[in-house]
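A.B. asks: Input: one structure, supplied below.
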Amino acid sequence: MTARAIIIGAPRSGSGKTSVTIGILRALTRRGLKVRGAKSGPAYIDTGFHTAATGLTGVNLDSWAMSPSLLNALAAQAADDADFVILESAMGLFDGIPASPGRTGSAADLARLYGLPVLLVLDVSGQSTTAAAVAKGFAIYDPDVRMAGVVLNRLGSERHRRLSGEAIEAIGLPVVGAILRDPTLNLPERHLGLVQAGEYDDLMAHLDRLADMAEKSLDLDAVMALATPLAPAIGDFTDALRPPGQRIALAEDAAFSFLYPHVAACWRKAGAEIVPFSPLADEAPDEDCDVCWLPGGYPELHAGKLAAATNFHVGMARFAEKKPIHGECGGFMVLGEALEDAGGETHRMLGLLGHSTSFARRKMNLGYREARLRADCPLGPQGALIRGHEFHYAQMMATGNDKPLADLADGQGNPLGASGYRRGHVSGTFFHAIARV
């Protein structure tokens, strides 16, 4: 039996779809159902909340970065051991990049591909019957993307609910939820999105508050009835990132946490062992490991502590003498000579690469990326083509003299020049890898 699935979509970011998604996930889990969360596009943090709410590891499904075969394999795996899959859209439901049909990166691609219905979350603050015009636009915009129901969010009163809801139901869309405005339900955010699930002292209490909201404000039986079977075509994991070694030392704490769940799962599926260590706890990589991986995260928030982690510094330098080390985004920043924090204070980093970065001089870098590797590294062999993305605010203060790691293009194939650096066994880049091409 494959799981039944539904997509939670919205007109834009900030509409409340994450809170609705987590509330549904947690509420159904509390009912004894096996529920898995999924996220369209390149987002790390939401899947952590999905995992915490359900006890089942969340998954990213990215129609641009993943080949159709890998996408199908991951979707089938997600559905294989669950009763329901709740798939949360990134940004707006139809938001992606100009690309070939079905490869834009939008949640709408997944709705078309798998024939999944959409539960539309509408923030109706500042409007009433006009919400029906928005819902109508979604209903007719693409005949291959079916709106199955609507959740009204941030209502001000019972009258507000009645005006908005009756107008939407008059156009033939069922309203299966009505949520009153409640700032206590909001999840705190910072510059790269939500504060990570692992940083909450009372995470489960907040997840249960969202579940209580879902039980009270949504018709969960109606939501489950709207879901349809998730039955992808046959796929395989050929285009998944290869394990960079048999035993992988993985930095894992509040400063290093942005590793896609499917990447780690595919490494394990291929027979690799992941050995976590915490730089913030002044731990070094296990010397018995074959490779060390520093994922992205928030090192800019912990720069002083990382600078003072003597055992981490010494252990990384010793590891780099004989074995590969790779850093992505935040990990790349820590591999450099120095990191300037938001307050303008400069902290000494590992110095295994020659660049320095600044979080005080911020500029957003965001978008899909395709990288052609100039040399063998933990990402793959020379010449390999890797798809992923960038999302960071840090800027280079100094570039150093290391060799470039890859040639980068944006999601439409426009060249962006050289990216990242390599020196000896060490490599790194702001680019986050998602899958091979």
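The values are calculated or read from the model by the stated rules, or taken from the named source; none is laboratory data. Everything numeric here is computed off the predicted structure, so don't read it as measured data. Backbone-built Cβ (ideal geometry, glycine too); neighbour counts: all protein chains shown. Side chains included, ligands, DNA and RNA excluded: accessible areas come from the protein's heavy atoms. Shrake-Rupley method; radii C 1.70, N 1.55, O 1.52, S 1.80 Å.
A.B. asks: Top mean-square fluctuation among Arg159, Arg26, Arg181, Gaussian network model of the chain, C-alpha springs under 10 Å?
C.D. replies: Of Arg159, Arg26, Arg181, the Gaussian network model singles out Arg159 as fluctuating most.
A.B. asks: Let me ask something additional. Going by average Cβ density within 10 Å per residue, which order do the peptides 297-307, 379-389, 243-253 take, highest to lowest? Before the final figure, lay out each step's value.
C.D. replies: On the way: 297-307: 22.1, 379-389: 17.6, 243-253: 20.3.
Top to bottom by mean Cβ count within 10 Å: 297-307, 243-253, 379-389.
A.B. asks: Something else about it: Can you pull the Kirkwood radius for the chain, inverse mean 1/r over Cα pairs, to one decimal in Å? Mind dumping the intermediate values first?
C.D. replies: Details: mean 1/r = 0.0445 Å⁻¹.
By the Kirkwood definition, the hydrodynamic radius is 22.5 Å.
A.B. asks: Further question: Rolling a 1.4 Å sphere over the protein heavy atoms, what is the accessible area per residue of region 93-160, to the nearest Å²? Don't jump to the answer; show the numbers that get you there.
C.D. replies: Numbers: 2830 Å² over 68 residues.
Value for region 93-160: 42 Å² per residue.
A.B. asks: Report for the chain the percent antiparallel among DSSP-assigned beta bridges with both residues inside it, nearest 5. Working shown, then result.
C.D. replies: Details: 40 of 84 bridges.
Roughly 50 percent of the beta bridges in the chain run antiparallel, per DSSP.
A.B. asks: Now a separate question. Return the long-range amide H neighbours of Val291 (sequence gap of 5 or more, or a different chain), with a cut-off of under 5 Å between placed amide H atoms.
C.D. replies: The answer is Arg247, Ala249.
A.B. asks: Let me ask something else. When only C-alpha pairs under 8 Å and at least 6 residues apart count, what is the relative contact order of the chain, in percent?
C.D. replies: Numbers: 1086 pairs, mean separation 59.7, N = 437.
Averaging sequence separation for qualifying contacts and normalising by length gives 14 percent for the chain.
A.B. asks: Among Arg372, Arg31, Arg161, which one shows the biggest mean-square fluctuation in a GNM of the chain, springs joining Cα atoms closer than 10 Å?
C.D. replies: Arg31
A.B. asks: Cut-off 11 Å, label point 7 angstrom out along Cα-to-Cβ of Tyr393: give me the residues of region 359-382 whose amide nitrogen falls inside.
C.D. replies: Under cut-off, by backbone N: 359-365.
A.B. asks: Fully extended, how many nm does the chain gain between Asp376 and Asp236 (0.36 nm per residue separation, minus their Cα-Cα distance)?
C.D. replies: Numbers: separation 140, 0.36 × 140 = 50.40 nm, distance 2.44 nm.
Gain on stretching Asp376 to Asp236: 48.0 nm.
A.B. asks: Sticking with this one: Let's see if you can work this out: charge +1 on each Lys and Arg Cβ, -1 on each Asp and Glu Cβ, no other charges. What is the dipole magnitude of the chain about its Cα centre, in debye to the nearest 20? Before the final figure, lay out the partial values.
C.D. replies: Working: 41 positive and 48 negative charges, 146 e Å.
My answer is approximately 700 debye.
A.B. asks: Let me ask something additional. Find out how many positive minus negative residues lie around Ile86, taking Lys and Arg as positive, Asp and Glu as negative, among other residues whose Cβ is under 13 Å from that of Ile86. List each step's numbers first, then the result.
C.D. replies: On the way: positive: Arg4, Lys17, Arg26, Lys34, Arg36, Lys39; negative: Asp46, Asp83, Glu88.
Neighbour charge sum, excluding Ile86 itself: +3.
A.B. asks: Another question, if that's okay. So what is the 222 nm mean residue ellipticity for the chain from helices alone, if each DSSP H run of at least 4 adds -39500 (n - 2.57) and you divide by all residues, rounding to the nearest 500 deg cm²/dmol? All intermediate terms of the calculation are to be shown ahead of the outcome.
C.D. replies: On the way: 12 runs with 123 residues, N = 437.
Counting only the DSSP helices, I get -8500 deg cm²/dmol.
A.B. asks: Run the dipole for region 62-186 about the Cα centre, Lys and Arg Cβ at +1, Asp and Glu Cβ at -1, nothing else charged, and hand back the magnitude in debye, nearest 20. Each step should come with its number before you reach the end.
C.D. replies: On the way: 9 positive and 14 negative charges, 100 e Å.
For this selection, approximately 480 debye.
A.B. asks: Continuing with this model, one more query. Please figure out what share of the DSSP beta bridges in region 191-309 is antiparallel and state it in percent, rounded to the nearest 5.
C.D. replies: On the way: 2 of 10 bridges.
The antiparallel fraction comes to roughly 20 percent.
A.B. asks: Please calculate how many Å² of accessible area region 22-82 carries per residue, with a 1.4 Å probe and no DNA, RNA or ligand atoms counted.
C.D. replies: Values: 1510 Å² over 61 residues.
Averaged over the residues of region 22-82, the accessible area is 25 Å².
A.B. asks: Please give the charge dipole size of region 23-104, origin at the Cα centre, charges +1 on K and R Cβ atoms and -1 on D and E Cβ atoms. Round to the nearest 20 debye.
C.D. replies: Working: 7 positive and 7 negative charges, 47 e Å.
That gives a dipole near 220 debye.
A.B. asks: Evaluate E = 1/(1 + (r/R0)^6) for Thr184 and Ala281, where r is the Cβ-Cβ distance and R0 equals 30 Å; express this FRET efficiency to the nearest 0.05. Spell out each step's value before the answer.
C.D. replies: Values: r = 33 Å, r/R0 = 1.08.
Efficiency computed from Cβ-Cβ geometry: 0.40.
A.B. asks: How much accessible area per residue does region 286-437 have, in Å², with a 1.4 Å probe? Mind showing how you got there, number by number?
C.D. replies: Numbers: 6110 Å² over 152 residues.
Result: 40 Å² of accessible area for each residue.
A.B. asks: Can you list the residues, at least 5 places off or on another chain, whose amide H is less than 5 Å from the amide H of Ala375, using H built in the peptide plane?
C.D. replies: Counting only residues 5 or more places away or on other chains, the set is Gly383.
A.B. asks: Separate question: For region 406-417, what does the Karplus curve 6.51 cos²θ - 1.76 cosθ + 1.60, with θ = phi - 60°, yield as ³J(HN,Hα) per residue in whole Hz, taken in order and with x for Gly and Pro?
C.D. replies: 3J(HN,Hα) across region 406-417, in whole Hz: 8, 9, 10, 10, 7, x, 9, x, 6, x, 10, x.
A.B. asks: List the lysines whose Cα lies under 30 Å from the Cα of Lys136, skipping any in the same chain that are fewer than 8 positions away.
C.D. replies: The qualifying lysines are Lys17, Lys39, Lys216.
A.B. asks: Quick check: at a probe of 1.4 Å, how many percent of the accessible area of the chain sits on carbon and sulfur atoms? Each step should come with its number before you reach the end.
C.D. replies: On the way: 8660 of 17150 Å².
So the carbon and sulfur contribution to the accessible surface is 51 percent.
A.B. asks: Moving on to the next point. Set the Förster distance to 51 Å, then compute FRET efficiency between Thr57 and Glu169 from the Cβ-Cβ distance, nearest 0.05. The partial results should precede the final answer.
C.D. replies: Working: r = 37 Å, r/R0 = 0.73.
It comes to 0.85.
A.B. asks: Ok, one more. For region 267-335 and region 364-392, what is the separation of their C-alpha centers, rounded to whole Å?
C.D. replies: Between the Cα centre of region 267-335 and that of region 364-392, the gap is 19 Å.
A.B. asks: Same structure, new question: So if R0 is 41 Å, what FRET efficiency would Ala133 and Lys216 give, r being the distance between their Cβ atoms, rounded to the nearest 0.05? Numbers along the way, then the final one.
C.D. replies: On the way: r = 28 Å, r/R0 = 0.68.
With a Förster radius of 41 Å, E is 0.90.
A.B. asks: Looking at region 274-393 only, what percent of DSSP beta bridges run antiparallel? Nearest 5 please. Each step should come with its number before you reach the end.
C.D. replies: Values: 12 of 18 bridges.
Around 65 percent antiparallel, to the nearest 5.
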